[in-house]
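Below is one structure, written out as structure tokens; the observations come after it.
Throughout, read-outs are computed from the coordinates displayed, never taken from laboratory work. The model shown is predicted, which means the values in this text are computed figures rather than measured ones. Here the Cβ is made from the backbone with ideal geometry for all residues, glycine too, and neighbour counts use every protein chain on show.
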Amino acid sequence: MADINQTTEIEAKVLQRLLAHLDERKDVQNIELMNLAGFCRNCLSKWYVAAADELGVEVGNDQAREIIYGMPYSEWKDKYQKEATPEQLAAFNKK
């Protein structure tokens with residue numbers, strides 16, 4: 001069984017792998033993630049800010065988004081974000 005430090009290190013590696021996976025799958029839109037999994041890249045950045053806050057570390061929303069997206073959010077949106085389809089919006093609004 002892992003001790004607390006090992007558990008934290010394992011969890012950090014899992015998050016790093018998740019972020020790498022999302023970076024490799026820029027074709028997957030946030031609305032698709034929200035509709036299928038109930039969270040998206042923006043949620044991860046908000047959770048990052050909340051976790052930092054719990055530890056007394058000041059991390060702004062823009063900084064957290066850049067960590068999660070691997071680039072400034074505005075740049076990611078310009079390069080990769082597509083307009084949500086009416087079907088995607090309907091599914092999102094249904095939840």
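From the Cα trace of the chain, what convex hull volume per residue do you get, rounded to a whole Å³?
Details: hull volume 11.5 nm³, N = 95.
Value for the chain: 121 Å³ per residue.
Once you reduce the range 75-95 and the range 14-40 to the center of their Cα atoms, the two points are 13 Å from each other.
Helix 41-54 and the long axis of the chain differ in direction by around 30°, with both axes built from C-alpha atoms.
With the helix formula -39500 (n - 2.57) applied to DSSP H stretches of n ≥ 4, the chain reaches a computed 222 nm mean residue ellipticity of -22500 deg cm²/dmol. With R₀ set to 35 Å, the beta-carbon distance separating GLN63 from LYS95 gives a calculated FRET efficiency near 0.75. Mean separation of Cα pairs under 8 Å and 6 or more residues apart, divided by the residue count, gives the range 4-94 a relative contact order of 28 percent.
Within the shell of other residues whose beta carbon sits under 14 angstrom from the beta carbon of GLU75, the net charge comes to +1, with Lys and Arg scored +1 and Asp and Glu -1.
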